[in-house]
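First comes the structure, then the notes that go with it.
Computed from the coordinates by the stated procedures, all read-outs in this text should not be read as laboratory data. Here the structure is a predicted model, which means the values were calculated and not measured. Virtual Cβ from ideal backbone geometry, glycine too; neighbours counted across all protein chains shown.
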Amino acid sequence: MSNNKVSRRQFLSYTLTGVGGFMAAGMLMPMVRFAVDPVLQKKEGGDFVLTEKKIADITDVPERVDFTFEQVDAWYKSDITNAAWVYKEGDKIIALSPVCKHLGCTVNWEGDPAHKNQFFCPCHAGRYEKNGSNVPKTPPLGPLDQYEVRENDGFLEIGKAIPNTLV
Amino acid sequence: MHWNGKDSKVFQAQKEFIDTAVIPLIQIDGSDEGFQFAASAADFTLSLANVIENQFKGRIVLFPSFSYTRSQDKQSVFEAWQEELNNASFKHVFYVTSDREWSTIGEEQNIIWTPSVPLDSMDQKMRNSVLEDQLRQLIPIFAKKWAN
């Protein structure tokens, strides 16, 4: 039994190692947590927003569809209403962002009587084809963004904006 | 563009494209009978100004509203604003208001006077559609001014 006796020196070194280990862990854990933070971050913006637009009502003429979601800005929550230009291309539903690629104005479908079948930005006369591609020699330098879309129980759902895939 | 640090940098860099200032004019009325009406009109004017900003983001700078009382001299206020905005080399200036008196001052086309619609009792959707309707009527006014 005398073998199992713990000497004063051993006892002290065990406790010191134990306490030291806890302290080191206490310091290292937050650092590790910081390092992997981007992985643990909850994904935002990937959610789809339900609109009041019936899939069956969408035609091949672009139509403005509003959708509202909640935005949290620090402690201030607000409802943001965004719009999309939605139309059918065959069976596929296309939703384009109305934000002009030039300086961020809102574009309108056939907003200029002189240019039928095009999106028109009233600010600097930027124009886009129906698929969102910018008309050369007008100010915009890129095509309109596209929204991810899906169907939910007959209604349209709009997701996050992605670069135009039609052009 | 809004009148803030971030947007003003864009403005300074893109002056050839952003050439229009929009200023909401808000009347403050302290009297018992006018208080609520003035507040409601302010709500409408500011909401409308924000819708205009959203539509024409890339060509206008929306300034913070100018609030005044009835006794202030509109003519001198108007001239002071014009002078300062000329300094910033804005080519076009629009004032948005629901106070009729402004329409007698300055060039008619600079003042966008819209009768105030009481938005208080409307839900968000209704508000948006009212404001969208107003905006649709304003687009040609802006387009016409810009075309000259």
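Using every Cα-Cα pair within region A:94-140, state what percent have a distance larger than 14 Å. Considering region A:94-140, 36 percent of its Cα-Cα pairs are separated by more than 14 Å.
Exposure proxy for A:T106, B:T114, B:T69: other Cβ atoms within 10 Å of each Cβ, ordered fewest to most, give B:T69, B:T114, A:T106. Cross-link reach is defined here as a Cα-Cα straight distance under 24 Å, omitting same-chain residues fewer than 8 places apart; for B:K125 the lysines meeting it are A:K53, A:K54, A:K77, A:K160, B:K57. Taking the alpha-carbon distance from A:K101 and a cut-off under 19 Å, which aspartates and glutamates remain once sequence neighbours fewer than 8 residues away in the same chain are dropped? The qualifying aspartates and glutamates are A:E110, A:D112, A:E129, A:D145, A:E148, B:D7, B:E16, B:D19, B:E53. Taking the C-alpha atoms only, the angle from helix A:8-35 to the longest principal axis of chain A is near 10 degrees.
Taking the Cα centre of region A:23-157 as origin and assigning +1 to Lys and Arg Cβ atoms and -1 to Asp and Glu Cβ atoms, the resulting dipole is close to 460 debye. In the protein assembly as shown, the calculated helix contribution to ellipticity at 222 nm averages -10500 deg cm²/dmol per residue, counting -39,500 (n - 2.57) for every DSSP H run with n ≥ 4.
Scaled against the 2.2 N^0.38 Å expected of a compact globular protein of N residues, the Cα radius of gyration of region B:25-71 reads 1.33.
Per residue, the average separation of C-alpha pairs within less than 8 Å and at least 6 apart gives chain B a relative contact order of 30 percent. Averaging Cα coordinates gives a centre for region A:9-42 and one for region B:42-99; these two points are 59 Å apart.
Report the calculated FRET efficiency for A:H115 and B:D73 (r = Cβ-Cβ distance, R0 = 45 Å), to the nearest 0.05. Walk me through the numbers on the way to the answer.
Details: r = 46 Å, r/R0 = 1.03.
Once rounded, the FRET efficiency stands at 0.45.
Residues B:I26, B:I18, A:I80, ranked from the fewest to the most other C-beta atoms within 10 Å, line up as A:I80, B:I26, B:I18. Normalised radius of gyration (Cα atoms, divided by 2.2 N^0.38 Å) for chain B: 1.04. Plainly put, chain A has a radius of gyration that is 1.42 times its Kirkwood radius, both from alpha-carbon atoms, as the Rg/Rh ratio. A simple spin-label model places pseudo-atoms 7 Å from Cα toward Cβ; at B:E16 and B:W3 they are separated by 2.8 nm. The distance separating the Cα centre of region A:123-156 from that of region B:119-148 comes to 22 Å. Quick one: Debye curve from the alpha-carbon atoms of the protein assembly as shown only, equal weights, vacuum; give me log10 I(q)/I(0) at q = 0.07, 0.08, 0.10 Å⁻¹ to two decimals. These q points yield log10 I(q)/I(0) values of -0.41, -0.50, -0.70.
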